[in-house]
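The values are calculated or read from the model by the stated rules, or taken from the named source; none is laboratory data. Predicted model, so just to flag it, every value in this text is computed and none were measured. FYI the Cβ positions are ideal-geometry reconstructions off the backbone, even for glycines, and counts take in every protein chain you see. For accessibility, only protein heavy atoms count, side chains too; no ligands or nucleic acids. Shrake-Rupley method; radii C 1.70, N 1.55, O 1.52, S 1.80 Å.
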Amino acid sequence: MMDASIIRSYLPIFAQAFTLTVIIGWIGIVLSILIGMLSAFVLYFKLPVLATVVRCYVELFRNTPLLVQLFFLYYGLPSAGVRMSAQVCGVVGLGLLGGSYMTETLRSGLETVPLSQKESAYSLGFSKAQLFVDIILPQAVSVSVPAVTANIIFLLKETSVFSAISLMDLMFTAKDLIGLYYNTTESLILLVLFYICMILPVSFVGNWIEKRSRRNIYGD
Amino acid sequence: MGFEVLLKGKNMIRLLMGLGVALKLSILSVVISILAGLVTGMLASFKKSVFYIVFRVHLEIVRIMPQLVLLFIVYFGFSKAAGWNLTAEAAAILVFSFWGTAEMADLVRSALVSIPASQYESSRSLGFNSLQTYLYVILPQVGRRLVPLSINLITRMIKTTSLVMMIGIVEVLKTGQQIIEANRYQSPNAAFGVFAVIFLLYFAACYPVSRLSKYLEKKWEN
């Protein structure tokens, strides 16, 4: 039913696809964290106009599937004159989707810091900038860590739809090999194993960080 | 920009019917997930039982494997390995219900576990029997936590069912592609308009539901 030699011969092909998926996935994740941080600051400081734009962006991307976003970016935008390669499209799509999730996560992290912390900082003579950098940010970050890890895992799973814009990722490779040689079982086993390699470590690291960062919750 | 293509003939209606296919699959899967999740979640709330272990394994599988991978395993793998020739629709409903059940069960379980023991003890001391305790004290509180979160599961389900085009179901994205192909010569730039409209259609389907979930969550806070 299962042929080890087929698995061995498929291994390098899957390894290559795995590398591509991981690289594009993580660049997208870094981008999403950057977008999320900027947008969360905009919402937290209630910057006029920008806050409305950010809120629209967050609602728009949280309420649509990545597949539809990628189709729009990859097949739709070229008709309007914006052309991106599949790789760039994957990064941008994942970054925009993830950015909207990260914004919500980081904003609610910032808002968990109680008012008393700010008042105490002011009474100790902290400036506004010091208050934000030394008091609010560290606490907000440690509160948001579990939710950010959950978002990262979600985004890594979402990379599976990259194959729809003909990026040669793990799904694309599996589907291609199944179509070519009909070794369905072997291809699917490798697909599952490589996804486990991609996501399980993040899940473990996430649990470990969560346990450690619990010690850093002050107040209350 | 390609919007005019959708006004031609029955194109817009076809697109909406494509969305209907996706929504039908998500509603079916949501109903199955909620019913199965309620039962599994209640069983899993008994700590250190077999149910809890089975539930944990189920949840871990769903948390680690992308839904598309599960879809491929069921649609392509089962037919080869087990000889099950599932239709794409059946495979989709099976996978999304498998995923949704685990998520729903987790919501039910954590809502049940979050009710403090003092609530059970107080009802006991007020002379409620177990049935009354559940009906009048526990379930109303669990319901308040559960309803917004399960409504949120509906939007996630709607978004996830867009994946079914990857196993060949003709839904809204596929219909969009067909419309673009059919009008290739008259309007070569139709892709922008068609995919923008699909984007907005999904938004229109999910946004009200996620607003409702947020509204109920705020209303029933504390």
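The figures follow:
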| read-out | value |
| --- | --- |
| Whole-angstrom gap from the stretch A:110-154 to the stretch A:50-109, using each part's C-alpha centre | 27 Å |
| C-alpha long axis of helix A:170-181 to longest principal axis of chain A, angle in ° | 10 degrees |
| Under 17 Å, Cα to Cα: Lys pairs in chain B, sequence gap 8 or more or different chains | 4 |
| Helix axis angle, A:137-158 relative to chain A longest principal axis, alpha carbon, degrees | 20 degrees |
| At 1.306 mPa s and 10 °C, Stokes D of the protein assembly as shown from Kirkwood alpha-carbon radius, µm² per second | 66 µm²/s |
| Carbon plus sulfur fraction of accessible area for the stretch A:15-216, probe 1.4 Å, in percent | 69 percent |
| Cβ-placed point charges (K, R +1; D, E -1), dipole of the stretch A:15-216 about Cα centre in debye, nearest 20 | 420 debye |
| Nitroxide proxy distance, nm - points 7 Å out along Cα→Cβ at B:Tyr136 and B:Val113 | 2.9 nm |
| Between the stretch B:24-74 and the stretch B:178-192, the Cα center-to-center distance that results, in Å | 41 Å |
| Fully extended contour minus Cα-Cα distance, from B:Ser79 to B:Asn189, at 0.36 nm per residue | 35.6 nm |
| Protein accessible surface hidden between A and B, which excludes ligands and nucleic acids, total in Å², probe 1.4 Å | 3400 Å² |
| Unit charges on C-beta of K, R, D, E only; dipole of the stretch B:78-222, Debye | 220 debye |
| Helical mean residue ellipticity (222 nm; -39500 (n - 2.57) per DSSP H run of 4+; nearest 500) of chain B | -24500 deg cm²/dmol |
| Solvent exposure of the stretch B:3-219 as accessible area per residue, Å², 1.4 Å probe | 49 Å² |
| Positive-end residue, the stretch A:15-216 charge dipole about Cα centroid, Cβ charges, pick of A:Val53, A:Val113, A:Ser166 | A:Val113 |
| Cα point-scatterer Debye curve for the stretch A:15-216, base-10 log of I(q)/I(0) at q = 0.10, 0.13, 0.17 Å⁻¹ | -0.52, -0.80, -1.15 |
| Tilt relative to chain B, helix B:11-44 - C-alpha long axis, 0 to 90 degrees, to 10 | 20 degrees |
| Residue list for the stretch B:182-200, given a label point 7 angstrom along the Cα-to-Cβ vector of B:Lys8 and an amide N cut-off under 14 Å | B:182-194 |
| Accessible area of B:Arg56 in the full protein assembly, 1.4 Å probe (Å², nearest 10) | 80 Å² |
| For B:189-199, mean number of other protein chain Cβ atoms within 10 Å | 6 |
| Leading residue at positive end of dipole, chain B (Cβ point charges), from B:Ala182, B:Ile198, B:Phe51 | B:Phe51 |
| Estimated [θ] at 222 nm from DSSP helical runs (n ≥ 4, -39500 (n - 2.57)) normalised by residues in chain A, nearest 500 | -25000 deg cm²/dmol |
| Residue among A:Val42, A:Asn207, A:Leu70 farthest towards the positive dipole end of the stretch A:15-216, charges placed on Cβ | A:Val42 |
| Residues losing 30 Å² or more accessible surface upon assembly, the stretch B:53-79, compared with the chain by itself, 1.4 Å | B:Arg63, B:Ile64, B:Met65, B:Pro66, B:Leu68, B:Val69, B:Phe72, B:Ile73, B:Phe76 |
| Convex hull projection area averaged over all views, chain B, Cα basis, nm² | 15.6 nm² |
| Unit charges on C-beta of K, R, D, E only; dipole of the protein assembly as shown, Debye | 560 debye |
